[in-house]
Amino acid sequence: MSSEISIEALLTRRKKGYSLEAPFYTSEEIFKLDMEIIFGRHWLHVGVEPDVPEPGDVMVVDIGKTSVIVMRDDDMELRAYHNVCRHRGARIILKDKTSVGNLVCSYHQWTYGQDGELLFAEHMGNDFDRKCRNLKKVHIRSVGGLIFICLAEEAPDDIDRMAAAIEPYILPHDLRNCKVAKTVDLIEKGNWKLTMENNRECYHCVGNHPELTIPLFEYGFGFAPDGTNPKRMEHAAKYEALVQSCHAGWEAAGFPSREVERLADVTGFRTERLPLDGAGEAHTKDTRSASRKLLGSIGERKLGALSFWTQPNSWNHFMSDHIVTFSVLPLGPDRNLLRTRWLVHKDAVEGVDYDLNRLTEVWEATNQQDADLVEISHKGTLSPAYEPGPYSPYTEPLVEKFTEWYVGRMSEHLLGKQAAMGVAAE
Ligand code: FES
Ligand SMILES: [Fe+2]
């Protein structure tokens, strides 16, 4: 941090309803705490089960300096280990994705089983106790096919409550029987919190997302009833009526749709199935399905888009024919990785059932537009003229809920820990 003021003081004086003070976006010291407290102790969305569909499939996820092996064992269970050899610490798996029998370190060939047990270590003598050299485990949990990991010793247990609430919404889309049609990594030149704030509102959509606003109604994210012209009021009322009738119809057909909002939980989340414009089928330029094969046992194309947002690092859209998942992984105070995956039914054939460009074009364009917005936001926070600005109470309440969650989680760990040590906060 450039000034003498402590992070504890910055957290304590954070003004509700306003963006954060600059050091939260720019300081190396706060970034390190973000990695330790937010990304080190909460459940993070890092992938989908179809990333590791077969026994022995492995995916490596890097979170700051931590590298994690996510794998599927021969019993089809998901497992996660620190990607650090228990001999002299070398990285074991070097590729982003691969398939293995055992996990073999290339340095001196120490070999670990799929359960993390050290099976083979040559030249270590008779007294060497292999048992205390097993791979270190990382918590892993699949929620309806979305993979979450937690790096903490003890993971927050409210993920069970999230799973119980969300699985009835997402299971009909049968993510586990999808395949990843495409993954795109985009480096955004801004702090990860700016990416999350940008995601939690659609105030910027009309001005910035010509493709996304073909299927997406901006009203789904709130609007100000005053100061708008009568036509806008009329549209908003129509949208509200559409939500009510669509939700009633979808729920009657067995697709839970109404909003569930628990963004303040430790494992915070929100979901809602949103009607789409036009044909109402998908996030495509013509609002129709991108894949001919519908997911799971869904027989209805016009199912809108079920959105599932999680704290701190994901948002996901489930449609009748495809799913798009997004996870944010920080790389530095001013850089983060946005990883987007598009999934279709595992039997859908590219070029026959779906066209890859049609499937991905709306979100590829939208992601780039958002990355540009994050970059200009970040540049702004570096200026001495920057000061926290007010969020719109109509179109940015979810931004406030993200920021409140962040401040709350950081405060609990930092102020709680400090109090326990008997040190007064500045
Ligand atoms: S560091 Fe892995 S076997 Fe030596
Ligand atoms: Fe956006």
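The values are calculated or read from the model by the stated rules, or taken from the named source; none is laboratory data. Being a predicted model, the structure only gives us computed values, none of them experimental. Positions of Cβ are backbone-derived with ideal geometry, glycine not excepted, and every protein chain shown enters the neighbour counts.
A quick yes/no check of all residues on (1) out of contact with any helix residue (DSSP H, G or I) (no Cβ under 7 Å at 6 or more places or on another chain); (2) closer than 30 Å to Asp62 by Cα:
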{"residue": "Pro156", "(1), (2)": "yes, yes"}
{"residue": "Leu171", "(1), (2)": "yes, yes"}
{"residue": "His204", "(1), (2)": "no, no"}
{"residue": "Ile214", "(1), (2)": "yes, no"}
{"residue": "Asp226", "(1), (2)": "yes, no"}
{"residue": "Lys231", "(1), (2)": "yes, no"}
Of all residues in region 100-136, how many are more than 22 Å from Gly64 (Cα to Cα), among the basic types (Lys, Arg) and exposed (fewer than 13 other Cβ atoms within 10 Å of the Cβ)?
-> 1
Could you figure out which of (1) in contact with a Ser or Thr (Cβ under 6 Å, 6 or more places away or on another chain); (2) within 16 Å of ligand 2 (Cβ to nearest atom) isn't true of Thr195?
-> (1)
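A quick yes/no check of all residues on (1) touching an Asp or Glu at 6+ places or on another chain (Cβ under 7 Å); (2) within 16 Å of ligand 2 (Cβ to nearest atom); (3) at pLDDT below 95:
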residue: His204; (1), (2), (3): no, yes, no
residue: Asp226; (1), (2), (3): no, no, yes
residue: Asn229; (1), (2), (3): no, no, yes
residue: Ser245; (1), (2), (3): no, no, no
residue: Pro256; (1), (2), (3): no, no, no
residue: Val260; (1), (2), (3): no, no, no
Which ones in region 224-265 are over 30 Å from Glu167 (Cα atoms) and outside any helix (DSSP H, G or I)?
-> Ala224, Pro225, Asp226, Gly227, Thr228, Asn229
Identify, from the list Lys302, Lys285, Lys238, Lys293, the residue that is of a type in the set (D, E, K, R), in contact with a strand residue (DSSP E or B) (Cβ under 7 Å, 6 or more places away or on another chain) and surrounded by fewer than 23 Cβ atoms within 10 Å (Cβ to Cβ).
-> Lys293
Those residues that are surrounded by fewer than 20 Cβ atoms within 10 Å (Cβ to Cβ) and not polar (S, T, N, Q), I need them from region 183-200; list them, please.
-> Val184, Asp185, Leu186, Ile187, Lys189
Between a first residue in region 193-215 that is in contact (Cβ under 8 Å) with a residue 60 or more places away in the chain and within 13 Å of Ala371 (Cα to Cα) and a second residue that is within 11 Å of ligand 2 (Cβ to nearest atom) and among the polar types (S, T, N, Q), which pairs have beta carbons less than 6 Å apart while being 6 or more apart in sequence or on different chains?
-> Asn208/Gln369; His209/Thr366; His209/Gln369
Of the residues Arg133, Arg91, Arg41, which is more than 25 Å from Thr183 (Cβ to Cβ) and within 16 Å of ligand 1 (Cβ to nearest atom)?
-> Arg133
